[in-house]
1. Would you say ARG53 is touching a residue at least 60 places away in the same chain (Cβ under 8 Å), open to solvent by 70 Å² or more (accessible area, probe 1.4 Å) and within 16 Å of the chain's Cα centre (by Cα)?
2. Taking GLU88, is it out of contact with any Gly (no Cβ under 7 Å at 6 or more places or on another chain), over 20 Å from VAL21 (Cα atoms) and not aromatic (Phe, Trp, Tyr)?
3. Considering only residues that are touching a Phe, Trp or Tyr at 6+ places or on another chain (Cβ under 8 Å) and closer than 20 Å to LEU73 by Cβ, look in segment 23-44 and name the one that is surrounded by the most Cβ atoms within 10 Å (Cβ to Cβ).
4. Can you name the condition, by its number, that CYS58 falls short on among (1) crowded, with 17+ Cβ neighbours inside 10 Å; (2) at pLDDT 95 or above; (3) hydrophobic (A, V, I, L, M, F, W, C); (4) closer than 30 Å to PRO2 by Cα?
5. Do any residues in segment 60-89 that are closer than 14 Å to SER114 by Cβ have Cβ atoms under 6 Å from those of residues that are open to solvent by 40 Å² or more (accessible area, probe 1.4 Å) and among the hydrophobic types (A, V, I, L, M, F, W, C), where the two are at least six apart or on different chains, and which pairs are they?
6. Mind listing whichever residues of segment 114-124 are under 22 Å from PHE10 (Cα atoms) and out of contact with any helix residue (DSSP H, G or I) (no Cβ under 9 Å at 6 or more places or on another chain)?
7. So how many residues does segment 60-113 have that are among the hydrophobic types (A, V, I, L, M, F, W, C), farther than 24 Å from PHE10 by Cβ and in contact with a Leu (Cβ under 8 Å, 6 or more places away or on another chain)?
8. Could you look through segment 1-10, keep only residues that are surrounded by 15 or more Cβ atoms within 10 Å (Cβ to Cβ) and within 18 Å of SER83 (Cα to Cα), and pick out the one that is nearest to the chain's Cα centre (by Cα)?
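The values are calculated or read from the model by the stated rules, or taken from the named source; none is laboratory data. This is a predicted model, so every value here is computed, not measured. Counting neighbours? That spans all protein chains shown, and the Cβs are built from the backbone with ideal geometry, glycine included. For the accessible areas, the whole protein counts, side chains as well, though only heavy atoms, and no ligand, DNA or RNA atoms are used. Shrake-Rupley method; radii C 1.70, N 1.55, O 1.52, S 1.80 Å.
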Amino acid sequence: MPTPQNITQFEAIFGETGNNVLERIRPLSPRLVDHVYEYIAGELYADHALDIRTRELCVVASLASQGGLQEQLRVHIEAALRSGATKEDIVAVCETVGSYAGVPRALNALFVASEVFEAWDNNG
């Protein structure tokens with residue numbers, strides 16, 4: 001069972017978009033939702049070996065390089081922005097992905113980033 005502190009930490013990092021994803025899967029797998037709160041927010045992101053901004057940029061690179069994970073990429077681009085990454089940081093990560101995982105995956109990640117940036121600018 002997740003602690004209130006882990007839920008609060010998750011919400012601070014992933015915002016409403018992250019909560020919406022978890023609420024969509026809660027009826028199917030409450031266990032996975034609890035795991036996300038406990039491990040992701042309670043352990044992984046609580047580890048100070050990487051700050052949240054750096055960790056999120058790593059996640060953006062990983063998701064972008066895998067391709068086909070637009071919804072998850074959207075959540076983590078927003079989290080990266082929320083944690084202090086700039087649009088330029090995120091674009092640079094996507095450009096780097098293009099060199100190592102392929103230009104089509106970088107383009108798809110940049111399309112998602114563009115949508116997130118537009119919404120971010122409109123809603124801040």
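1. Details: touching a residue at least 60 places away in the same chain (Cβ under 8 Å): no; open to solvent by 70 Å² or more (accessible area, probe 1.4 Å): yes; within 16 Å of the chain's Cα centre (by Cα): yes.
Judged against the criteria, ARG53 is not a match.
2. Numbers: out of contact with any Gly (no Cβ under 7 Å at 6 or more places or on another chain): yes; over 20 Å from VAL21 (Cα atoms): yes; not aromatic (Phe, Trp, Tyr): yes.
So GLU88 passes the test.
3. In the first step, residues of segment 23-44 are kept if they are touching a Phe, Trp or Tyr at 6+ places or on another chain (Cβ under 8 Å); the result is 36-37, 40-41.
Next, only the ones that are closer than 20 Å to LEU73 by Cβ stay: 36, 40-41.
Details: VAL36: 21, ILE40: 17, ALA41: 23.
Within segment 23-44, the match that is surrounded by the most Cβ atoms within 10 Å (Cβ to Cβ) is ALA41.
4. (1)
5. LEU81/TRP120
6. Of all residues in segment 114-124, those under 22 Å from PHE10 (Cα atoms) come to 116-117, 119-120, 123-124.
Within segment 114-124, ASN123, GLY124 meet the criteria.
7. Start the filter on segment 60-113 by keeping residues that are among the hydrophobic types (A, V, I, L, M, F, W, C), which leaves 60-61, 63-64, 69, 73, 75, 77, 79-81, 85, 90-94, 97, 101, 103, 106-107, 109-113.
If we keep only those that are farther than 24 Å from PHE10 by Cβ too, we end up with 91-92, 94, 97, 101, 103, 106-107, 110-111.
Narrowing further to those that are in contact with a Leu (Cβ under 8 Å, 6 or more places away or on another chain): 91, 94.
Final tally of qualifying residues: 2.
8. Our first condition is that a residue be surrounded by 15 or more Cβ atoms within 10 Å (Cβ to Cβ); within segment 1-10, this holds for 2, 6-7, 9-10.
If we keep only those that are within 18 Å of SER83 (Cα to Cα) too, we end up with 6-7, 9-10.
Working: ASN6: 16, ILE7: 16, GLN9: 14, PHE10: 11 Å.
That would be PHE10.
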